[in-house]
Structure formats: structure tokens, C-alpha cells
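One structure is given here, and the rest of the page talks about it.
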Amino acid sequence: MRIDVLTLFPGMILPVIKESIIGRAISEGNVTINVIDFRDFSTNKHQKVDDYPFGGGVGMVLQVEPIVRALRSIEGYQEALKIITTPQGETLHQSLSESFSHQDHLIILCGHYEGFDERVRDYFDCEVSIGDYVLTGGEYAALVIIDSVIRLRPGVLNKDESHQDDSFSEGLLEYPQYTRPRVFEGKDVPEVLLSGNHQAIKAWRDHERLKRTKERRKDLYDRYIKRHK
Ligand code: ADE
């Protein structure tokens with residue numbers, strides 16, 4: 001998979017993608033991430049990429065031209081899935097990440113608090129928000145998308161990092177996990193987990209997933225029950 005990120009702040013993306021599982025996926029050749037500063041595509045000698053809004057109003061607006069020029073500089077951009085990060089987009093959820101993970105090429109434009117010229121939208125396929133709050137820029141959102149997508153690619157996670165039991169895989173939250181010590185400050189590990197009885201452990205985990213989902217995410221629980229009726 002290849003991911004191109006269009007941003008005005010490459011320094012917010014580059015150090016983060018070098019780390020941890022994404023860093024490993026890059027060095028093992030499972031994914032290529034290319035960060036493009038669309039300021040380099042400014043037509044202005046001062047490398048300006050924003051201007052005053054037509055019709056007046058406070059703030060500046062990102063111009064369409066540098067963004068489209070940057071987009072067109074990317075090899076294979078026509079076939080790529082082109083995403084804008086913006087609080088106005090569809091809220092990211094696991095099945096959206098899954099559908100992105102099946103693509104060969106993603107291009108992600110990081111929106112900016114200033115907003116962008118409406119015509120930018122005509123050059124992209126979809127808009128994604130990571131939640132109902134406003135960030136100063138779309139870089140954090142791009143990183144969230146990249147992380148949630150890359151870990152689903154074949155060969156990225158080791159067997160012991162599997163995503164099969166993830167919260168949201170199957171639409172339920174994860175069951176509680178414990179590790180050593182068996183007792184900490186009087187708090188015991190549930191007996192069943194020490195029993196060695198795999199069937200009983202599975203039954204306990206299934207029960208806990210349902211219970212936790214019902215308590216914390218009634219919306220997910222109701223959907224799950226409806227699907228499994
Ligand atoms: N840019 C600013 N806020 C955002 C959000 N919540 N999701 C995606 N991009 C954003």
C-alpha cells in the first residue's frame with residue numbers, strides 16, 4: 001500500500017510514522033508513506049497558500065490551486081482513493097478503516113483550521129472526521145486514519161498482535177485482559193482465566209464482551225443483538 005499525505009506541516013507527520021508498528025511496516029516494505037508539503041506547489045513567490053475569503057469574513061482560506069497542483073504531482077493520483085480530513089466528514093469507524101485498508105493507494109489531504117476553498121472538494125472522493133470536535137489541523141486525523149488502516153494490512157501485525165479480537169471487530173468491545181501478578185493490592189485475576197479450561201475461558205470472554213458493550217456502548221450492543229437474532 002502507498003499513502004501520500006498532503007500537508008502544510010510535514011514535521012507533524014514524519015517523526016510519528018517512524019515509530020512503532022507503522023515504522024516497522026514501512027521498514028519491512030508493507031507500506032510506503034510519502035509526505036508532501038503543498039506549500040511547495042504555491043504559485044506565489046512568498047509561497048503563500050491561503051487568501052482572504054470572497055464575500056469577506058474573518059480568517060483566511062486555503063487556495064485550490066496549490067492543493068490541486070500537489071495532487072497532480074502524485075504518480076497514479078487518478079486511481080488513488082483521495083480523502084480529505086475535516087470535521088465535516090463522515091466519522092471514522094472500523095468498517096471505514098477496513099474499506100480503506102483494501103485500497104492500493106490512498107491520498108490524504110490534511111485540512112486546516114482556516115478551511116479551504118470549496119472547489120477543493122471536487123478533486124477528492126471522500127471526507128473523514130475523527131470525531132465531533134475541532135482540531136487545529138487535519139494532521140492528527142491523518143495519523144489516526146493511517147494507523148487504523150495500516151494495522152489491518154496483511155503481514156503488518158505479528159500473530160501475537162492480531163486484530164481478530166479488536167474492539168469493534170464483530171461490532172463488540174474487547175473483553176478484560178489480565179497479566180501477572182495474580183493478585184495486586186488485593187485485586188484478583190478472575191479464577192476462570194487460571195483454569196486452563198479453554199471452553200470456559202472463551203465463554204467467559206464472550207460474556208464479558210457482551211456485558212461491557214451493553215454497559216458502555218448500548219448502540220453497538222443493540223446493533224449486534226439485531227444482527228445475531
Ligand atoms: N480537522 C479539524 N478537526 C478535525 C476532525 N475532528 N476530524 C478530522 N479532521 C479535522
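The values are calculated or read from the model by the stated rules, or taken from the named source; none is laboratory data. Everything numeric here is computed off the predicted structure, so don't read it as measured data. We place every Cβ from the backbone using ideal geometry, glycine too, and count neighbours over all the protein chains shown. Accessible surface is based on the protein model in full, side chains and every heavy atom, while ligands, DNA and RNA are left aside. Shrake-Rupley method; radii C 1.70, N 1.55, O 1.52, S 1.80 Å.
For region 53-72, a residue qualifies if it is assigned to a helix (DSSP H, G or I) and in contact (Cβ under 8 Å) with a residue 12 or more places away in the chain, and the qualifying residues are V64, E65, P66, I67, V68, R69, A70, L71. Contact map, region 19-30: first residue in contact (Cβ under 8 Å) with a residue 12 or more places away in the chain, second residue part of a loop (DSSP other than H, G, I, E, B) and exposed (fewer than 14 other Cβ atoms within 10 Å of the Cβ), Cβ cut-off under 8 Å, separation 6 or more or different chains; pairs are E28/G155; N30/G155. Residues that are in contact (Cβ under 8 Å) with a residue 12 or more places away in the chain and open to solvent by 60 Å² or more (accessible area, probe 1.4 Å) within region 174-190 comprise E174, Y178, R182, listed in sequence order. Count of region 191-229 residues, restricted to those that are open to solvent by 70 Å² or more (accessible area, probe 1.4 Å), outside any helix (DSSP H, G or I) and at pLDDT 95 or above, is 2.
The residues of region 82-91 that are within 8 Å of the ligand (Cβ to nearest atom) and out of contact with any Phe, Trp or Tyr (no Cβ under 9 Å at 6 or more places or on another chain) amount to a single one, G89. S169 fulfils the conditions (1) open to solvent by 60 Å² or more (accessible area, probe 1.4 Å); (2) hydroxyl-bearing (S, T, Y); (3) touching a residue at least 60 places away in the same chain (Cβ under 8 Å) except for a single criterion, (1).
Rundown of residues vs (1) open to solvent by 40 Å² or more (accessible area, probe 1.4 Å); (2) under 14 Å from the mean Cα position of the chain (by Cα); (3) assigned by TED's automatic domain parsing to the domain that holds C126; (4) polar (S, T, N, Q), yes/no style:
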{"position": "Y52", "(1), (2), (3), (4)": "yes, no, yes, no"}
{"position": "I74", "(1), (2), (3), (4)": "no, no, yes, no"}
{"position": "E79", "(1), (2), (3), (4)": "yes, no, yes, no"}
{"position": "P87", "(1), (2), (3), (4)": "yes, yes, yes, no"}
{"position": "E90", "(1), (2), (3), (4)": "yes, yes, yes, no"}
{"position": "H93", "(1), (2), (3), (4)": "yes, yes, yes, no"}
{"position": "E98", "(1), (2), (3), (4)": "yes, yes, yes, no"}
{"position": "D104", "(1), (2), (3), (4)": "yes, no, yes, no"}
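Candidates are the residues of region 114-153 that are part of a helix (DSSP H, G or I), under 15 Å from the mean Cα position of the chain (by Cα) and of a type in the set (A, V, I, L, M, F, W, C); the one that is farthest from the ligand (Cβ to nearest atom) is I150. Does L109 satisfy the condition of being surrounded by 17 or more Cβ atoms within 10 Å (Cβ to Cβ), within 14 Å of the ligand (Cβ to nearest atom) and modelled with pLDDT of 95 or more? It is true that L109 is surrounded by 17 or more Cβ atoms within 10 Å (Cβ to Cβ), within 14 Å of the ligand (Cβ to nearest atom) and modelled with pLDDT of 95 or more.
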